[in-house]
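The structure under discussion appears below in the form of structure tokens.
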Amino acid sequence: MLFTTKTEYGLRAMVALAKHGQTQPLSLAEISRREHISRPYLERLFAKLKADNLVKSSKGVGGGYLLTRAPEKISVFEVVEALEGALAVFYCMSDNQRKMTCSPEKCMTKMVWGELQKNIISTLRRFTLKDLI
């Protein structure tokens with residue numbers, strides 16, 4: 001299982017926001033400059049982060065983005081899920097496929113995938129943006 005650049009770049013951008021503080025918005029142009037991430041790509045990532053209520057935007061001169069909560073209140077899991085969608089370590093563990101293809105009687109390895117997924121999610125929930133600063 002590989003996380004995509006959405007997770008890598010999205011987390012870097014969220015950490016940049018967390019470091020910047022909660023008083024003044026940070027523009028995507030500035031995040032792009034600091035993190036060496038293309039602005040169009042950041043725009044797509046921030047649309048997802050905003051849709052999941054992890055960031056809020058302000059327009060106009062001095063506008064940009066702020067976290068919607070304090071960095072210690074936003075888990076890495078929330079960011080990953082906002083950017084990547086529901087986490088599944090194996091195709092049969094996804095919400096879409098679980099009902100159609102998996103049955104414990106037929107799948108001898110499902111227990112392994114379930115435990116792995118549970119541990120990955122638990123780890124991602126344990127870390128917050130504040131931990132990454």
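At-a-glance table
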| quantity | calculated |
| --- | --- |
| Taking N as its residue count, the alpha carbon Rg of region 1-72 over 2.2 N^0.38 Å | 1.03 |
| Debye log10 I(q)/I(0) for the chain, one point scatterer per Cα, at q = 0.13, 0.14 Å⁻¹ | -0.59, -0.66 |
| Calculated from backbone phi, Karplus (6.51, -1.76, 1.60) coupling profile of region 108-122 in Hz, x at Gly/Pro | 6, 9, 4, 4, 5, 5, x, 5, 4, 4, 4, 6, 5, 4, 4 |
| Gain on full stretching of the segment that runs from R33 to L132 - 0.36 nm per residue minus C-alpha separation | 33.7 nm |
| In nm, spacing of pseudo-spin labels at E43 and E72 (7 Å Cα→C-beta vector) | 3.7 nm |
| Cross-link table K6/K48; K50/K73; K73/K130; K19/K118; K19/K73, entries beyond 19 Å C-alpha to C-alpha | K19/K118 |
| Max mean-square fluctuation residue, GNM over the chain, Cα-Cα springs under 10 Å, options V76, V89, V55 | V89 |
| In order through region 29-44: 3J(HN,Hα) via Karplus (6.51 cos²θ - 1.76 cosθ + 1.60), integer Hz, x for Gly, Pro | 4, 6, 4, 4, 5, 5, 9, 6, 10, 4, 5, x, 5, 4, 4, 5 |
| Value at 222 nm in deg cm²/dmol, rounded to 500, when DSSP H runs of n ≥ 4 in the chain each add -39,500 (n - 2.57) | -16500 deg cm²/dmol |
| Approximate spin-label separation K50-T109, in nm, with each point projected 7 Å along Cα-to-Cβ | 4.1 nm |
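Each value in this text was obtained by applying a stated rule to the coordinates, not by laboratory testing. Quick caveat: nothing in here was measured; it's all calculated off a predicted structure. So basically every Cβ, Gly included, is an ideal-geometry build from the backbone, and we count neighbours across all protein chains shown.
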